[in-house]
1. Taking residue 219 as meeting all but one of (1) modelled with pLDDT under 95; (2) in contact with a helix residue (DSSP H, G or I) (Cβ under 7 Å, 6 or more places away or on another chain); (3) more than 22 Å from residue 251 (Cα to Cα), write down the number of the exception.
2. Can you name every one of the strands (runs of 3 or more DSSP E) wholly within region 1-102 that holds 3 or more residues which are in the same structural domain as residue 184 (by TED's automatic domain parsing), in contact with a strand residue (DSSP E or B) (Cβ under 6 Å, 6 or more places away or on another chain) and over 20 Å from residue 122 (Cα atoms)?
3. If I filter region 112-123 for residues that are in a loop (DSSP other than H, G, I, E, B) and more than 17 Å from residue 155 (Cβ to Cβ), do I get at least one hit?
4. Checking the conditions here, which among 39, 15 is buried (at least 24 other Cβ atoms within 10 Å of the Cβ) and either within 30 Å of residue 172 (Cα to Cα) or over 20 Å from the mean Cα position of the chain (by Cα) (or both)?
5. Within region 164-173, is even one residue at pLDDT 95 or above and either surrounded by fewer than 18 Cβ atoms within 10 Å (Cβ to Cβ) or more than 19 Å from the chain's Cα centre (by Cα) (or both)?
6. Suppose the filter is outside any loop (DSSP other than H, G, I, E, B) and out of contact with any helix residue (DSSP H, G or I) (no Cβ under 7 Å at 6 or more places or on another chain); does residue 262 pass it?
7. Going by the conditions given, is residue 125 closer than 20 Å to residue 76 by Cα and free of Cβ contacts under 8 Å to residues at least 60 places away in the same chain?
8. Which ones in region 83-94 are within 18 Å of the chain's Cα centre (by Cα) and either closer than 12 Å to residue 132 by Cβ or surrounded by fewer than 16 Cβ atoms within 10 Å (Cβ to Cβ) (or both)?
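The values are calculated or read from the model by the stated rules, or taken from the named source; none is laboratory data. Not measured: the values here are computed from a predicted model. Every residue, glycine among them, receives a Cβ derived from its backbone with ideal geometry; neighbour counts consider all protein chains shown.
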């Protein structure tokens with residue numbers, strides 16, 4: 001018996017990389033998996049639906065249950081249909097893993113409107129739209145008196161938590177997803193829904209050739225940057241065993257850590273009166289000097 005036995009879970013962007021590892025691990029843990037993938041290339045250009053079918057075939061070959069979905073997760077109606085497909089196929093929905101995305105990297109001073117909009121759309125709206133339709137289903141179930149123990153796992157990134165030179169569109173979207181996780185958890189707990197996020201450090205199509213290379217892995221050694229190292233955390237966060245909500249975890253190489261987001265820094269004050277412009281510099285530096293420094297931006 002796996003920790004996700006008989007759960008119905010949707011994984012977006014599950015044809016390759018992290019999503020593929022998530023789908024396979026969830027199936028190993030007993031979940032019925034709707035494998036969503038639009039089949040696009042690394043930059044979002046036209047691709048093929050075959051990656052999702054290949055993952056489904058692999059799950060079926062090992063005795064699991066899975067089905068293909070080719071929705072554009074950032075399209076409102078297609079996202080709704082994706083949620084409904086899982087419910088129609090297996091009679092319920094227990095979990096949603098939002099993972100789909102692509103890159104269009106460029107320095108901000110050279111980035112064009114389409115490069116900005118397309119990345120924000122697929123990552124940020126591609127997280128909100130499926131979750132919005134999923135919560136509508138779970139809210140209706142809760143209002144009907146059914147006990148809900150549903151789970152959402154979002155995908156942020158170290159780029160979204162610390163920034164990454166040359167990835168301003170991606171970093172902004174991933175930062176928003178980290179906060180969206182906190183917001184969803186605060187609003188949706190009343191319906192029995194827990195929401196957490198992962199910020200993976202793994203070698204995938206999106207990072208290979210930029211940060212990592214497959215040639216770095218020596219045969220017979222532990223592959224530290226394999227996406228398979230991330231999937232067990234995702235499976236636990238989706239499982240009924242998960243007893244936390246509203247948190248983001250960095251995960252890589254057999255290790256994880258919870259991330260601590262924005263916090264109030266040290267207060268510097270002039271007392272019960274209006275501050276003067278000539279006093280602002282001293283107050284700013286007092287607060288900064290008494291507050292832990294932020295993490296460095298990747299590539300800075």
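1. (2)
2. Numbers: elements: 8-11, 32-36, 65-69, 95-97.
In region 1-102, the matching strands (runs of 3 or more DSSP E) lie at 65-69.
3. So in region 112-123, the residues in a loop (DSSP other than H, G, I, E, B) come out as 112.
Now narrow it down to the ones that are more than 17 Å from residue 155 (Cβ to Cβ): 112.
Yes, region 112-123 has at least one match.
4. Values: 39 fails: buried (at least 24 other Cβ atoms within 10 Å of the Cβ).
Just one listed residue meets the conditions, 15.
5. To start, the set of residues in region 164-173 that are at pLDDT 95 or above comprises 164-173.
From what is left, the residues that are either surrounded by fewer than 18 Cβ atoms within 10 Å (Cβ to Cβ) or more than 19 Å from the chain's Cα centre (by Cα) (or both) are 165-166.
Yes.
6. On the way: outside any loop (DSSP other than H, G, I, E, B): no; out of contact with any helix residue (DSSP H, G or I) (no Cβ under 7 Å at 6 or more places or on another chain): yes.
Against the criterion (outside any loop (DSSP other than H, G, I, E, B) and out of contact with any helix residue (DSSP H, G or I) (no Cβ under 7 Å at 6 or more places or on another chain)), residue 262 does not qualify.
7. Details: closer than 20 Å to residue 76 by Cα: yes; free of Cβ contacts under 8 Å to residues at least 60 places away in the same chain: yes.
Yes.
8. Restricting attention to region 83-94, the residues satisfying the condition of being within 18 Å of the chain's Cα centre (by Cα) are 83, 94.
Within region 83-94, 83 is the sole residue that qualifies.
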